[in-house]
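S.K.: My questions will all concern the structure given below.
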Amino acid sequence: TRKPSSLSRNFFTKRTKELKPAVQSAPGWKLFGKVPPRENLPKDSKIIQQEYEARTGRMYKPPPPSARRKNIEFEPLSTTALILEDRPANLPAKSVEEALRHRQEYDEMVAEAKKREIKEAHKRKKIMRERFKQEESIASAMVIWVNEILPNWEGMRATRRVRELWWQGLPPSVRGKVWSLAVGNELNITPELYEIFLSRAKERWKSFSETSSENDIEDAGASVADREASLELIKLDISRTFPSLYIFQKGGPYHDLLHSVLGAYTCYRPDVGYVQGMSFIAAVLILNLEEADAFIAFANLLNKPCQLAFFRVDHSMMLKYFAAFEVFFEENLPKLFLHFKSYSLTPDIYLIDWIFTLYSKSLPLDLACRVWDVFCRDGEEFLFRTGLGILRLYEDILLQMDFIHIAQFLTKLPEDITSEKLFSCIAAIQMQNSNKKWAQVFASLMKDNKEGDKNHSPALKS
């Protein structure tokens, strides 16, 4: 009789010593360069059997045809098909009814497997169709942006057609250019000016490394009195910027570039210095623009009233922004607004991180870029509208949560959030209260000095 266990043991323990390849195979391949040729060619099962017989002196005799399965329409390809096999000779044979039942069960299992395969195939086809449609849409939009809109930017940027196209998302190839034009350059920064401040930053890095220990640097970076000393704080924060991409960390292709842009900015605006969160904004710009252009857009973007208020930690202005946000929060999501109020959950708990990084830390990068697209079109209003869109998207879940769980959820949003769902929710948010738009509501809050003290946030009280 055949003994599979001894066959496996004898063959696998001795083949390396006793067998020599008759022919060398062609060299294999790996990712970089060739690997040494394989020692043995794959062997046919008959050759393996013959070698085994030669070593053991045993002849393998196949079982007689009568002992094999009578119905051999097919060979079982998986354990599923074993249900059709006849029982071994030492066990009672199947009855006709049992054999028919097993055939029926097998057919049902095969049919179910086919249904799953067809369903998966349809799903894959649908994904491919959507991807192809999206690529076609991006390609056609790119042609329009390059050939029609960008050459006539000032005349076309505010037209309804361009605004609708803008809402759908900018093609990656023109995204940086459109952002740069939309943000503008009110500060009149030139590439030469960037080089001057970059040189100054490099001198400071050198002096810090020569005169300060790491602890002194950390203390100096945290000091408000000397914001230029925050140059060294940048090093600590860059490692936390898009860590999953592995491109901004030390040794990555964009590490030095990000370090340069942030360092030059701290020298350009010592009154602001480096604030945690800036690295994410600069990183997104670097991914879409050349170095000097990224710095120019970065400096001008942070000079906008909303960003300046947050990065300079202007408590009074921040409270007004939060108050304006709550006006539209109550207007659009009254049930959730009351739920938050019942827990004294104020906007600063979740909005600060969203505004500081312009959602680039809170949302998937591709979705954050979509938000940036419309932010460049609509200005600060869209940042708060996006916040309300997120709350609307997860309203049902948030209504079931308490203070701690809401804060945790909004601090780390689900990673499977899609642009279609989010932008659908953002579109449903109406930025109008008693016929007043965002700018009018915010302006009225600015006029009333006492309004900032109402709806205040405990986190900003100190």
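The values are calculated or read from the model by the stated rules, or taken from the named source; none is laboratory data. No experiment lies behind these values; they were computed from the predicted model shown. Virtual Cβ from ideal backbone geometry, glycine too; neighbours counted across all protein chains shown. Protein only, heavy atoms only, side chains kept; ligands, DNA and RNA dropped before computing areas. Shrake-Rupley method; radii C 1.70, N 1.55, O 1.52, S 1.80 Å.
S.K.: If each Cα of the range 72-168 is one equal point scatterer, what is log10 of I(q)/I(0) from the Debye formula at q = 0.14, 0.16, 0.18, 0.21 Å⁻¹?
M.R.: Summing over Cα pairs of the range 72-168 leads to -0.73, -0.83, -0.92, -1.04.
S.K.: Turning to a different aspect of this structure: Stokes-Einstein D for the range 296-382 at 25 °C, 0.890 mPa s, Kirkwood Rh over Cα pairs, in µm²/s?
M.R.: This corresponds to a translational diffusion coefficient of 174 µm²/s.
S.K.: Using a 1.4 Å probe on the protein heavy atoms, what percent of the accessible area of the range 310-451 belongs to carbon and sulfur?
M.R.: Solvent-exposed carbon and sulfur of the range 310-451 make up 50 percent of the total.
S.K.: Of all alpha-carbon pairs in the range 310-451, indicate the percentage at a distance above 27 angstrom.
M.R.: Here the tail beyond 27 Å accounts for 15 percent of pairs.
S.K.: For the range 310-451, what is the accessible area per residue in Å² when the probe is 1.4 Å?
M.R.: Value returned for the range 310-451: 44 Å² of accessible area per residue.
S.K.: Given 430, 446, 383, which one lies farthest toward the positive end of the charge dipole of the range 310-451, if we put +1 on the Cβ of every Lys and Arg and -1 on the Cβ of every Asp and Glu?
M.R.: Farthest towards the positive end: 446.
S.K.: Do any of 114/421; 320/421; 335/436; 125/412; 235/412; 123/421 go past 26 Å between their Cα atoms, and which?
M.R.: Table pairs above 26 Å Cα-Cα are 114/421; 320/421; 125/412.
S.K.: Figure the gain on full extension for residue 417 and residue 436 (residue separation times 0.36 nm, minus the Cα-Cα span) and round it to one decimal in nm.
M.R.: 3.8 nm
S.K.: What ranking, highest mean first, results for peptides 268-280, 434-446, 388-400, 292-304 when packing means the other Cβ atoms within 10 Å averaged over each residue?
M.R.: Put in order of decreasing packing, that is 292-304, 268-280, 388-400, 434-446.
S.K.: Sort 421-429, 154-162 by the packing proxy (mean of other Cβ within 10 Å over each peptide's residues), most packed first.
M.R.: 421-429, 154-162
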